[in-house]
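Trainee: Below you'll find the structure I mean.
The values are calculated or read from the model by the stated rules, or taken from the named source; none is laboratory data. Remember, predicted model here, so these are calculated numbers, not experimental data. All Cβ positions, glycine included, derive from the backbone under ideal geometry; neighbour counts span all protein chains shown. For the accessible areas, the whole protein counts, side chains as well, though only heavy atoms, and no ligand, DNA or RNA atoms are used. Shrake-Rupley method; radii C 1.70, N 1.55, O 1.52, S 1.80 Å.
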Amino acid sequence: SWWSSLISLLIESGVNVFHFGKKDDPILSSKRGYNNMTYLNFFDQVRACLATSVALGVDTGPMWVMGAYSHPAIHLVTNYLPNHSTNFLCLNPVNDNAETIFVKNTNFQGCNRKELIPVVEQKILAKVNK
């Protein structure tokens, strides 16, 4: 639910969102500005994502692929794994062209999305205007 509400807030802020993921991922928004790309195969999703200004994601394999291309990215990271109490960035995708937003001990469920939006927007605009 946090991801869906974050996507909605980004769209309301004027950001066009392209959702890459698994075919069975839930639809995250019905708003104009949301583009579901989950019907594409993995490699076509990578090619399409590389055409975006910036990728926004969590510590998943596709974000590691974007890192291999040094594609501008924003990583949303938390220590969600059981007993994950040290080395908080161990799952952070490696990418010299990325920013990381870390929220401790929440799995992002408890983060204030209205406070997170300006930070994400600022980082997105910085990447787009580079």
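Trainee: Quick check on S85: is it within 20 Å of W2 (Cα to Cα), over 16 Å from the mean Cα position of the chain (by Cα) and hydroxyl-bearing (S, T, Y)?
Mentor: Answer is no for this residue.
Trainee: For the subset of region 94-108 comprising residues that are modelled with pLDDT of 85 or more and among the aliphatic types (A, V, I, L, M), which member is farthest from the chain's Cα centre (by Cα)?
Mentor: If we take residues in region 94-108 being modelled with pLDDT of 85 or more and among the aliphatic types (A, V, I, L, M), then V94 is farthest from the chain's Cα centre (by Cα).
Trainee: Here's a check for you: in region 31-41, which residue that is surrounded by 12 or more Cβ atoms within 10 Å (Cβ to Cβ) and among the hydroxyl-bearing types (S, T, Y) is farthest from N16 (Cα to Cα)?
Mentor: So, considering only residues that are surrounded by 12 or more Cβ atoms within 10 Å (Cβ to Cβ) and among the hydroxyl-bearing types (S, T, Y), the one farthest from N16 (Cα to Cα) is T38.
Trainee: Got a sec? Which of D59, D44 is acidic (D, E) and either out of contact with any strand residue (DSSP E or B) (no Cβ under 9 Å at 6 or more places or on another chain) or loosely packed, with under 13 Cβ neighbours inside 10 Å (or both)?
Mentor: Result of the check over D59, D44: D44.
Trainee: Can you name the residue in region 1-30 that is under 18 Å from L116 (Cβ atoms) and assigned to a loop (DSSP other than H, G, I, E, B) and, of all such residues, is most open to solvent (accessible area, probe 1.4 Å)?
Mentor: Only one residue fits best here, namely S1.
The rows are residues; the columns are (1) in contact with a Leu (Cβ under 6 Å, 6 or more places away or on another chain); (2) modelled with pLDDT under 85; (3) open to solvent by 50 Å² or more (accessible area, probe 1.4 Å); (4) outside any helix (DSSP H, G or I).
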residue: V65; (1), (2), (3), (4): no, no, no, no
residue: P82; (1), (2), (3), (4): no, yes, yes, yes
residue: L89; (1), (2), (3), (4): no, yes, yes, yes
residue: N92; (1), (2), (3), (4): no, no, no, yes
residue: G110; (1), (2), (3), (4): no, yes, yes, yes
residue: K114; (1), (2), (3), (4): no, yes, yes, no
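Trainee: Quick check on N35: is it of a type outside the set (D, E, K, R), in a strand (DSSP E or B) and more than 21 Å from A126 (Cα to Cα)?
Mentor: Yes, satisfied.
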